[in-house]
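To start, the structure itself, in structure tokens.
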Amino acid sequence: MHNVVISGTGLYQPPHTISNAELVQAFNAYVDLDNAKNAAAIEAGQRVPLQHSSVEFIEKASGIKQRYVMEKDGVLDPTRMRPRFAERADDQLSLMAEIAVDAARQALAAAGREAHEVDAVICAASNMQRAYPAMAVEIQQALGAGGYGFDMNVACSSATFALEQAYNAVRSGASRCVLVINPEITSAHLEWKDRDCHFIFGDVCTALVVERADEAKSVDQWEILGSRMATQFSNNIRNNFGFLNRSEDSDPEARDKTFRQEGRKVFKEVVPVAAAHIESQLLSLQFEPSAVSRYWLHQANLGMNQLIIKKLVGADAGSEVAPLILDEFANTASAGSVIAFHRHRADLKSGDVGVICSFGAGYSVGSLVLRKR
Ligand SMILES: CC(C)(COP(=O)(O)OP(=O)(O)OC[C@H]1O[C@@H](n2cnc3c(N)ncnc32)[C@H](O)[C@@H]1OP(=O)(O)O)[C@@H](O)C(=O)NCCC(=O)NCCS
């Protein structure tokens, strides 16, 4: 068995931001239009009027202040309420591959690696833009990487579950250098017309290089001491979009074909599961939770992260212990904990221990314990 390190990370940040104020203004304009269109039915008591959203609620309930998106005008158009993307020809680089290549090049540069030295590419995200060929194979070709590529999806835990695949591949000797890439274009599966969730997501792409410790040459290396994954079925976060829809003659615009959740249930059920998962993994590696210098947690809700940290180390989450990036990025599905790791590790010193942990749909929880070399 080989020792394995994460030797470089990359972050693609989309060109547009949407503040809560802009988002709420567009949402409320949509609500007014919809209520005006349905005034007679509302008046007759046959339809419940839609309600306005509020900046105060969003910030208080989630901690989110803004989000990055690939395309902004379509999202903020009250007569559209979803991004506007141009369809690309088969011989053009696809949108997910484009942002993946950008993040991957940054990660490779940080690791001091050339693309041809990569022998596996895993594209792990909550949505793939097509059924096949696999996004990872297109990314592999665009980068000039060797070996093989495959896609995988465990929703919000896609990145951590992919890191475990990369860790095992390198540890066993099957691969020497694996690229894990998480292109999350969440704006295309979010229901921007739903007041309960329209503020939740943002777009981004993260990438990590995972390779043998004895071959790594970057200045900033994080040894993977262990990884652990767990799943437990739940319908509380669900999206029924899929290839059977057409044959089921179901409405492609129906509410169940985009992201839905029972947010309050998710909050209550996932916090104890995630905290217990991290604690038992740390104890199995002979670490007390208080010995961990940094927790790079999934970024869905500020309150969730504060509770998890409180359960683990008995204190409110200061940015020192569990840095927050969701105020700037919102929930970026599987990429959130990786963004936190990318942005908030430079101050740690050799020997410091940290935990990357994701949790979300499935339910799924994935965690990796890392030590700076
Ligand atoms: C989604 C989430 C932010 C909602 O916060 P919450 O405190 O649970 O809010 P609720 O949905 O219970 O709504 C509370 C009240 O605010 C109202 N409300 C909901 N959305 C609103 C909005 N955009 N603006 C104003 N009010 C709103 C509700 O109607 C409700 O009103 P009521 O008390 O009169 O019934 C929170 O539950 C969450 O983040 N959960 C975890 C989600 C998660 O981790 N998901 C993983 C996804 S990958």
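The values are calculated or read from the model by the stated rules, or taken from the named source; none is laboratory data. Bear in mind that the values here come from a model prediction, so they are computed numbers and not experimental data. Every residue, glycine among them, receives a Cβ derived from its backbone with ideal geometry; neighbour counts consider all protein chains shown. Remember, those area values only see protein heavy atoms, side chains included, never the ligands or the DNA or RNA. Shrake-Rupley method; radii C 1.70, N 1.55, O 1.52, S 1.80 Å.
(1) more than 22 Å from Arg212 (Cβ to Cβ); (2) open to solvent by 10 Å² or more (accessible area, probe 1.4 Å): which one isn't true of Arg105, the others all being true?
Result: Arg105 passes all but (1).
Would you mention how many residues in the stretch 252-266 are at pLDDT 95 or above and more than 14 Å from the ligand (Cβ to nearest atom)?
Number satisfying all stated conditions: 4.
In the stretch 208-248, which residues are in contact with a Pro (Cβ under 9 Å, 6 or more places away or on another chain) and open to solvent by less than 90 Å² (accessible area, probe 1.4 Å)?
Keep residues of the stretch 208-248 that are in contact with a Pro (Cβ under 9 Å, 6 or more places away or on another chain), which gives 241, 245-246.
Correct list: Asn245 only.
Specify the residue that is farthest from the ligand (Cβ to nearest atom); the eligible residues are those in the stretch 267-304 that are touching a Phe, Trp or Tyr at 6+ places or on another chain (Cβ under 8 Å) and without any contact (Cβ under 8 Å) to a residue 60 or more places away in the chain.
In this case the residue turns out to be Gln299.
Is there a residue in the stretch 249-264 that is open to solvent by less than 40 Å² (accessible area, probe 1.4 Å), of a type in the set (Ser, Thr, Tyr) and assigned to a strand (DSSP E or B)?
For the stretch 249-264, residues open to solvent by less than 40 Å² (accessible area, probe 1.4 Å), of a type in the set (Ser, Thr, Tyr) and assigned to a strand (DSSP E or B): absent.
Restricting attention to the stretch 116-142, and to residues there that are of a type in the set (A, V, I, L, M) and open to solvent by 20 Å² or more (accessible area, probe 1.4 Å), which single residue is farthest from Gly360 (Cα to Cα)?
Going through the stretch 116-142, the residues of a type in the set (A, V, I, L, M) turn out to be 118, 120-122, 124-125, 128, 131, 134-137, 139, 142.
Keeping just the survivors that are open to solvent by 20 Å² or more (accessible area, probe 1.4 Å) gives 128, 131, 134, 137, 142.
On the way: Met128: 18, Ala131: 23, Ala134: 24, Val137: 27, Ala142: 31 Å.
Within the stretch 116-142, the match that is farthest from Gly360 (Cα to Cα) is Ala142.
State yes or no: is Glu138 in a helix (DSSP H, G or I) and either of a type in the set (Lys, Arg) or within 18 Å of Arg105 (Cβ to Cβ) (or both)?
Numbers: in a helix (DSSP H, G or I): yes; either of a type in the set (Lys, Arg) or within 18 Å of Arg105 (Cβ to Cβ) (or both): yes.
So Glu138 passes the test.
Quick one: in the stretch 43-67, which of the residues that are closer than 14 Å to Glu22 by Cβ and touching a helix residue (DSSP H, G or I) at 6+ places or on another chain (Cβ under 6 Å) is most open to solvent (accessible area, probe 1.4 Å)?
Going through the qualifying residues, I end up with Lys65.
When residues of the stretch 127-167 are filtered for being more than 16 Å from Ala207 (Cβ to Cβ) and either among the charged types (D, E, K, R) or within 16 Å of the ligand (Cβ to nearest atom) (or both), how many remain?
8
Looking at Ala41 and the list (1) part of a helix (DSSP H, G or I); (2) within 30 Å of Val369 (Cα to Cα), which single condition is not satisfied?
The number of the failed condition is (2).
Any idea how many residues of the stretch 331-364 are under 10 Å from the mean Cα position of the chain (by Cα), within 13 Å of the ligand (Cβ to nearest atom) and aliphatic (A, V, I, L, M)?
2
Somewhere in the stretch 72-83, is a residue assigned to a loop (DSSP other than H, G, I, E, B), within 16 Å of the ligand (Cβ to nearest atom) and not acidic (Asp, Glu)? Step through it out loud before you land on a result.
Within the stretch 72-83, the first condition is being assigned to a loop (DSSP other than H, G, I, E, B), and the residues that meet it are 72, 77-83.
Right, trim to within 16 Å of the ligand (Cβ to nearest atom) and you get 78, 81.
Still in the running and not acidic (Asp, Glu): 78, 81.
Within the stretch 72-83, one or more residues are assigned to a loop (DSSP other than H, G, I, E, B), within 16 Å of the ligand (Cβ to nearest atom) and not acidic (Asp, Glu).
Select from the stretch 168-189 the residues that are of a type outside the set (Val, Ile, Thr) and open to solvent by less than 10 Å² (accessible area, probe 1.4 Å) and write down the one among them that is nearest to the ligand (Cβ to nearest atom).
Of all residues in the stretch 168-189, those of a type outside the set (Val, Ile, Thr) come to 168-169, 171-177, 179, 182-184, 187-189.
Those left that are additionally open to solvent by less than 10 Å² (accessible area, probe 1.4 Å): 175, 177, 179, 182-184, 187.
Numbers: Ser175: 29, Cys177: 30, Leu179: 24, Asn182: 13, Pro183: 16, Glu184: 10, Ser187: 14 Å.
Across the stretch 168-189, the extreme among qualifying residues is Glu184.
Tell me, yes or no, whether the stretch 33-41 has at least one residue that is surrounded by 19 or more Cβ atoms within 10 Å (Cβ to Cβ) and more than 16 Å from the ligand (Cβ to nearest atom). Steps first, please.
We begin by selecting, within the stretch 33-41, every residue surrounded by 19 or more Cβ atoms within 10 Å (Cβ to Cβ); these are none.
Taking every residue of the stretch 33-41 in turn, none turns out to be surrounded by 19 or more Cβ atoms within 10 Å (Cβ to Cβ) and more than 16 Å from the ligand (Cβ to nearest atom).
Are there any pairs, at least 6 apart or on different chains, whose C-beta atoms fall under 8 Å, with the first in the stretch 342-356 and in contact (Cβ under 8 Å) with a residue 24 or more places away in the chain and under 23 Å from Ala104 (Cα atoms) and the second open to solvent by 40 Å² or more (accessible area, probe 1.4 Å) and not in a loop (DSSP other than H, G, I, E, B), and if so, which?
Gly354/Arg371
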